[in-house]
Amino acid sequence: MFNRLNSIAMRLSVLFTLVALLVFVLIGGALYQQVDKGISMLPEAELDARFSVLESSINRFGNPDHWAKITSKFTLLSEEDKRIRFWAISNDPHYEYGSPDAQIRAFAQGPTGVRDLQLPGEAYPFKVLISQIPAKEQRPALRFLIGIDTETFRQTQHHLLMALISLAIIGVLLASALGYWVARIGLKPLITLSDKAQKLEPPRLSGRLHLSPLPPELDHLVNGFNSTLDRVEQAYTRLESFNADVAHELRSPLTNLIGQTQVALTRGRSAEHYFEVLQSNLEELERLRSIINDMLFLASADQGSKASKLTRASLADEVATTLDYLEFILEDAHVSVRVSGDAQVNIEKAHLRRALINLLSNAVQHTAPGQHIDVQIEQTAHQASISISNPGDPIAAEHLPRLFERFYRVDASRHNSVANHGLGLAIVKAIAQMHGGEVFVRTGEGRNTFGLHLPM
């Protein structure tokens, strides 16, 4: 129930309702004000019209006979229109009309013009026009009052207000229903996309959303979703390949351990032979530990780990420290290293040294005795670069984009394939990314160059 109320269609319907309500309130309010203003002017207009007709008759003569005719006319007009009342007030009772009481007389003493008069027993006030009639012949000066009951006008205003409110309610309800209907129609392609998306699940990740034609907004959404599926498929494929490679890498040393142990246990052996078996098993266990440690490091990098213990350091000094660590390996391989350039960069020393060890070890493994490795450090305004170049056969172009992938080897049959389990360059890439940098590889002119860029 909550999900239904929280749906996009329901939200759009609520928005349609609010917009319609706002529109009806604004338009209805403006219309009511204009009509109310017009209705409020009607009593005054009617009073002016009646006074203009009666004024000439009242001022024509000023004798008792003429006044009797005027009063008869007042009576006839009052009977024809029950809303109208007439009062005439003077110092001579013979020239009065309407039996004015004390309230009427006090009201008549006020200023001339149109004013409201609330009579006893009446629900609505009267609009009363007060005029001063000058004396003529025998007739003294008069205060002549024409009053009109505003009940009809007030009821008209009330009916108008009720009509506007009723129309607003009906309009708002209709806008809400139509808004929900329109929203459901507009969201139908999205519902179809959702149904298709729910059918996509591993291991069948090759499916894509294809609906035509689509609104531009949904077309952009579909393209983004399909792009995400492409990345998910690639990640899933890499994960499957990674799992297979892990199983393969772990199976070889485990098989060796099990096989050597089983052979040693088939019959009695000398202590020296057992020692050799344990020594061989130790080497395999060390290899297993190395693989597991590298996998744990890469898993931590995949989770978004960043280099946190940054120190401003010289890259040339870090290369020199790494070469000291690899001194015996370089001597055994009869390989020399030449270093040029320097740069000051914020780095986590332990991680960078690990990357340098992997890059230099990779270079040593592919360098013939008597050759030399070049380490070049360059600095620009935005980044520093470490390039490690070794002589060797050029690497085919199809291998270059994949050299930093996990467990990837150009040639698994090489002599060093056992010692190298294929995670060294992947760790270099992870360390570069942890520092906000990137790796690169180049080949040509008889040399292969691996390196990384670090931000300044």
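Hydrodynamic radius of the range 311-455 by the Kirkwood approach over all distinct alpha-carbon pairs: 15.4 Å. Compared with the dominant principal axis of the Cα atoms in the chain, helix 188-198 is inclined by about 30°. Seen against the Cα atoms of the chain and their longest principal axis, helix 271-302 is set at about 20 degrees.
The fewest-to-most ranking of Ser340, Ser361 by surrounding Cβ atoms within 10 Å reads Ser340, Ser361.
I'd like to compare 134-143, 427-436: which one has the highest average count of other Cβ atoms within 10 Å, and what's the full order after that?
Numbers: 134-143: 16.0, 427-436: 21.3.
For the peptides 134-143, 427-436, the packing ranking is 427-436, 134-143.
Suppose we look only past 23 Å in the calculated P(r) of the range 216-302. What percent of the Cα-Cα pairs does that tail hold?
Details: 1912 of 3741 pairs.
So the pairs more than 23 Å apart make up 51 percent of the total in the range 216-302.
Between Glu286 and Thr380, the simple spin-label model (points 7 angstrom out along Cα→Cβ) gives 4.2 nm. Farthest towards the positive end of the charge dipole of the range 311-455, among the residues Val345, Tyr408, Thr322, is the Cα of Tyr408, using unit charges on the Cβ of Lys, Arg, Asp and Glu. Quick check: Cα centre of the range 274-297 to Cα centre of the range 31-81, how many Å? Rounded to whole Å, the Cα centres lie 119 Å apart.
Extent of the range 2-157 along its three principal axes (Cα atoms, max minus min coordinate, largest first): 89, 28, 28 Å. Compute the FRET efficiency between Glu438 and Lys188 as 1/(1 + (r/R0)^6), taking r as their Cβ-Cβ distance and R0 = 51 Å, and round to the nearest 0.05. The calculated FRET efficiency here is 0.70.
Per-peptide packing, taken as the mean over residues of other Cβ atoms within 10 Å, places 121-127, 260-266 in the sequence 121-127, 260-266 from highest down.
According to the Cα-based calculation, Rg over Rh for the range 125-183 is 1.57, with Rh computed by the Kirkwood formula.
What 222 nm value per residue comes from the helices of the chain, counting each DSSP H run with n ≥ 4 as -39,500 (n - 2.57) and dividing by all residues, nearest 500 deg cm²/dmol? Please list the in-between numbers first.
Details: 12 runs with 257 residues, N = 456.
Mean residue ellipticity at 222 nm (helix-derived): -19500 deg cm²/dmol.
Using r as the Cβ-Cβ distance of Arg154 and Leu15, and R0 as 56 Å, what FRET efficiency do you calculate, to the nearest 0.05? It would help to have the intermediate numbers written out before the result.
On the way: r = 37 Å, r/R0 = 0.67.
Computed FRET efficiency for Arg154 and Leu15 comes out at 0.90.
A full extension of the chain between Val23 and Arg60 corresponds to an added length of 7.7 nm, given 0.36 nm per residue minus the alpha carbon distance.
Can you give me the Kirkwood hydrodynamic radius for the chain, using every pair of distinct Cα atoms, in Å to one decimal? Mind showing how you got there, number by number?
Values: mean 1/r = 0.0301 Å⁻¹.
Hydrodynamic radius (Kirkwood, Cα only) of the chain equals 33.2 Å.
At full extension, Thr75 and Leu400 could sit 105.6 nm farther apart than now, given 0.36 nm per residue minus the alpha carbon distance. Modelled spin labels at Lys82 and Leu278, positioned 7 Å past Cα toward Cβ, are 12.6 nm from each other. Here the simple spin-label model places points 7 Å from the Cα toward Cβ, and for Leu250 and Val232 these points are separated by 2.7 nm.
Once the Cα atoms are used to define both axes, helix 315-325 deviates from the longest principal axis of the chain by about 40 degrees.
Read the figures in this text as sums done on the coordinates, not as results from a lab. What you see is a predicted model, and the numbers here were worked out from it, not measured in a lab. A quick note on method: Cβ atoms are made from the backbone with ideal geometry, for glycine too, and the neighbour counts reach across all protein chains shown.
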